[in-house]
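Read the structure below first, then the notes.
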Amino acid sequence: MYDSIQSEELAQCAEILKELKTKPGVEPFENPVDWKALNLPDYPQIIKHPMDLATIGKKLSGGEYDSADEFAEDVRLVWKNAKRYNIPGSNIYMVAEVIERAINKKKISIKF
């Protein structure tokens, strides 16, 4: 079971996730990339560890995170993957950068 500090941190993670889902342009990051439907056959070769906000939410509610750091690592992975697969200047790349900067500016105890 989580101690009170971990529980508080993970509750804060839930709030951060909720806030992330309200950011403009976040829609492409809400669910796993359907690379087949989007005709992106090279996606699995380039992105070895896919991550999205819905998966993070499931992991958080399912108790799969032992710490806020693990949560933060997955959140960073969302933006890292988007910037790795998409070219600089593309809409997805730019939105990933904007959201990443916004979360990094937050004055919170969890380090992003």
Pull up the range 54-92, narrow it to residues that are over 14 Å from L17 (Cα atoms) and hydroxyl-bearing (S, T, Y), then point me to the one that is surrounded by the fewest Cβ atoms within 10 Å (Cβ to Cβ).
S90
Between a residue in the range 26-53 that is surrounded by 10 or more Cβ atoms within 10 Å (Cβ to Cβ) and any residue that is in a helix (DSSP H, G or I) and acidic (D, E), which pairs come within a Cβ distance under 6 Å, given they are 6 or more apart or on different chains?
M51/D74
Flag if P44 is more than 17 Å from V26 (Cβ to Cβ), modelled with pLDDT of 95 or more and of a type outside the set (A, V, I, L, M, F, W, C):
yes
Result of the Cβ filter at 6 Å on the range 93-112, keeping first residues that are farther than 14 Å from K18 by Cβ and of a type outside the set (A, V, I, L, M) and partners that are part of a loop (DSSP other than H, G, I, E, B) and at pLDDT below 70, at least 6 apart or interchain, is N104/F112
Checking V98 against (1) at pLDDT below 95; (2) among the β-branched types (V, I, T); (3) touching a Leu at 6+ places or on another chain (Cβ under 8 Å): exactly one of these is not met. Which one?
(3)
If we keep just the residues of the range 66-88 that are over 12 Å from the mean Cα position of the chain (by Cα) and modelled with pLDDT of 95 or more, which is farthest from N39 (Cα to Cα)?
P88
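The values are calculated or read from the model by the stated rules, or taken from the named source; none is laboratory data. If you're wondering where the values come from, they're calculated on a predicted model, not measured in any experiment. Cβ: placed from backbone, ideal geometry, glycine included. Neighbour counts: every protein chain shown.
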